[in-house]
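Structure record follows, encoded as structure tokens.
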Amino acid sequence: MKNGLIGSTTYFIKSFDSVERIELMENAKGILQTFTNGLLLRVFKNNQSISIPIPFSDISKLELRKGQEIVEPIWLYPMWILLKLGVRIEIARYFRMRVGEYSIDPTVLEIETRDFKLGLETNGYTFDSQENYFSKFTEIKDLKIKKPVPNKGKANMLGER
């Protein structure tokens, strides 16, 4: 990997289990930046920030989980038509006319090292970019990327009402 400011999307820190108690970590935002030998977690809350280096060799587990999708397009609405034409859900979802046609739970990221366990969440819409970002880390032995099967809900893709 190159040195520099290649980074993830912004995450909300949901849990931080460590020997050291860091008050700033609770209800804070964070971003992961990539460097040659590991990641740098930059945490921001109010006007404070801290940086925590995470060498690749210290990461025992990194798991990225896509939130559950609910796809319920309304018959003859734009999203339904686009899906019938073979447009990917990642594009068609932006043409929904009602909130209930598509929803996705947050993307969850868990990182475990010998010193701490970290739980993070971000918007479910960012999963594809985060999958691309984290899948490049061949240095991490236990790297898992999990995608649940979309729930088609009450409506079906054949247009039956």
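The values are calculated or read from the model by the stated rules, or taken from the named source; none is laboratory data. Note that the structure is a prediction, hence the values are computed from the model and not measured. So basically every Cβ, Gly included, is an ideal-geometry build from the backbone, and we count neighbours across all protein chains shown. Each accessible area value is taken on the protein alone, full model and side chains, heavy atoms only, with ligands, DNA and RNA left out. Shrake-Rupley method; radii C 1.70, N 1.55, O 1.52, S 1.80 Å.
Result for the chain in a Gaussian network model with C-alpha springs under 10 Å: among 14, 29, 136, the largest mean-square fluctuation is at 136. The fraction of accessible area contributed by carbon and sulfur in the range 1-69 is 49 percent, rounded to a whole number (1.4 Å probe; ligands and nucleic acids excluded). Accessible surface of residue 44, taken over heavy atoms with a 1.4 Å probe and every protein chain present, rounds to 90 Å². Measuring only protein heavy atoms, the 1.4 Å probe finds residue 61 accessible over about 40 Å². Of the residues 32, 24, ranked by 1.4 Å probe accessible area with the largest first, the sequence reads 24, 32.
Dividing the mean sequence gap of close Cα pairs (under 8 Å, 6+ apart) by how many residues the chain holds gives a relative contact order of 28 percent. Can you work out the FRET efficiency for the pair residue 143 and residue 97, with r the C-beta to C-beta distance and R0 = 45 Å, to the nearest 0.05? Calculated value: 0.75. Using a probe of 1.4 Å, the accessible surface attributed to residue 22 totals some 50 Å² when neighbouring protein chains are kept in position.
Here's how it looks for residue 28: its modeled amide H is under 5 Å from those of 13, which are all 5 or more places away or on a different chain. The stretch between residue 135 and residue 75 holds 18.0 nm of extra length on full extension. This uses 0.36 nm per residue minus the Cα-Cα distance. For residue 20 and residue 90, the difference between the fully extended length at 0.36 nm per residue and the C-alpha to C-alpha distance is 21.2 nm.
Per residue, the accessible area of the range 1-113 comes to 56 Å², computed with a 1.4 Å probe over protein heavy atoms only. Counting Cα-Cα pairs of the chain in 5 Å increments starting at 0 gives whole-percent bin shares of 2, 8, 16, 18, 15, 12, 9, 8, 7, 4, 1, 0.
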